[in-house]
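Here is the structure we will look at.
Rule-based calculations on the coordinates, nothing more; no lab input. Just so you know, these numbers come straight off a predicted model, no measurement behind them. We place every Cβ from the backbone using ideal geometry, glycine too, and count neighbours over all the protein chains shown.
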Amino acid sequence: MPDALPDPDLVSALPRLRRYARVLTGDFSRADDLVQDTLARAWEKRRLWKAGSDLRAWLFTIMHNLYVNQRSLRRRESAETSLDADHGPAAGWEIPTRATQSDRIELGEVLDQIGRLPGEQREVLLLAAVEELRYGDIAQVQGVPIGTVMSRLNRAREKLRRMNAEPAAAPLKVVK
Amino acid sequence: MSAGLPLSDDDLNAYADRQLSPERAAQVEARLAEEPALAARVAAIQRQNATLREAFDPWLAEALPRELIASATARHSARSRARSWPLLAAAASLVVGLAVGWLMRGELLQREGTPVTFPRQAALTHALYAADVNRPVEIWANEEERLVRWLSKRLHFPLHAPNLNSAGFALVGGRLVAGNERPGALFMYENADKQRISLLVRKDAEATRETAFRYAQEDGVGVFYWIDDACGYALSGNLDKTQLLSIARIVYGQLAVAEAAGKP
């Protein structure tokens, strides 16, 4: 008798996995390596995926954990050779601002601003605002309580808002 | 009704992200109608969301690298495939070899004897299936009872899947594999580091001489094997020799106990 569980549809999840990996790593080629590792792990663990549940949340959880493990390994290695372990949040963010393939300059600036956020806040913002994942699923991805997700999200938004120097109650500007 | 209801940042975020229950959303909406400053904050959050989507959505339309698509569809990940090609090729030639060997078995067995080829078969079988991320086994460990019953039936003698938890290895499952004269049974185990070891059990007519533990290295795979009660056992894996031996002893001990219990 074959396994009754269907395999998760990893191909259709690929574009979003790749996007999340880019936001995590801040580097296009490292992102693809991370996707590769995530796919291998997802295949191994595929029987643990509950058919019908949010596939993105499950895959993002695997990817988040892999990323955190790899990063702590790298930190341990680099701690011996360099002393700048306490770098700012923007360190390692190498997403080109033209990466949106859009004419609109402000979108490139958004990518730049996202890179200036601490990693966890950047992650939450992508998952909540762009992926529109449930807060509970984001908590599962990051392995933190939901309250932590909410406060990270709030801080991320507040920082972005200040970067754009948009007053809290700015009236809608009509351009064009 | 909603007047005076305090709204937190969390309420505003959750409302802007449409994560509130309909009832709670209605309450917040009523409050926002009374507080233009809060309503403006919600609008700002939603504008920010729209800008973020505009910035990040184009990435979704990019062409995907072929390797990623292959890894998302293939039965093996690209990584494990790259690592195991030489052994898979060897394993493929083993299949041919087994067919030829079976046809000429009288002659070959006279010349080589079973114990010489048994560890090699074990190592190649291990390499073939341990590298298979998705289907290392035919029946998974969650159906252990069915697995053991089925393999016992196919091999025509009672089998046992040793419990290697004490060595840190959990049963993944098992499968039927080709043998010289009769099929063999393969039990696969895995530890927390995803290292796999496998136990091959085979009963061939010629495997009558009992042997002590013997060790062989075949293509980088270590194999401890022994013949007991006309049955050949081989434990294969990429572990160091002492670790593999200690696990082989556990297997041997458990099988001896099971055998004694099975006899009237």
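Among B:8, B:71, which comes first, then next, by fewest other beta-carbon atoms within 10 Å?
Values: B:8 10, B:71 26.
Exposure proxy ranking, most exposed first: B:8, B:71.
Rounded to the nearest whole Å³, what is the per residue volume of the convex hull around the Cα atoms of the stretch A:7-80?
Working: hull volume 6.1 nm³, N = 74.
Residue-normalised Cα hull volume stands at 82 Å³.
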* **Size descriptor, Kirkwood hydrodynamic radius, that averages inverse alpha-carbon separations across the stretch B:9-60, Å** => 11.7
* Structure fact -> Placing each pseudo-label 7 Å from Cα in the direction of the beta carbon, residue B:191 and residue B:62 end up separated by a distance in nanometres of 3.9
* Sort A:63, A:163 so the one with the fewest other Cβ atoms within 10 Å of its own Cβ comes first. => A:163, A:63
* Under 5 Å, built H, 5+ apart or other chain: amide partners of residue A:116 -> none
* Asked: So what are the three principal axis dimensions of the stretch B:114-264 from its Cα atoms, in whole Å, longest to shortest?
  -> 39, 32, 27
* Taking θ as phi - 60°, what are the ³J(HN,Hα) couplings along the stretch B:53-58 by the Karplus curve (6.51, -1.76, 1.60), each to the nearest whole Hz, with x for Gly and Pro? -> 5, 4, 6, 9, 5, x
* Structure fact -> Exposure proxy check on B:227, A:146: fewest-to-most Cβ neighbours within 10 Å is A:146, B:227
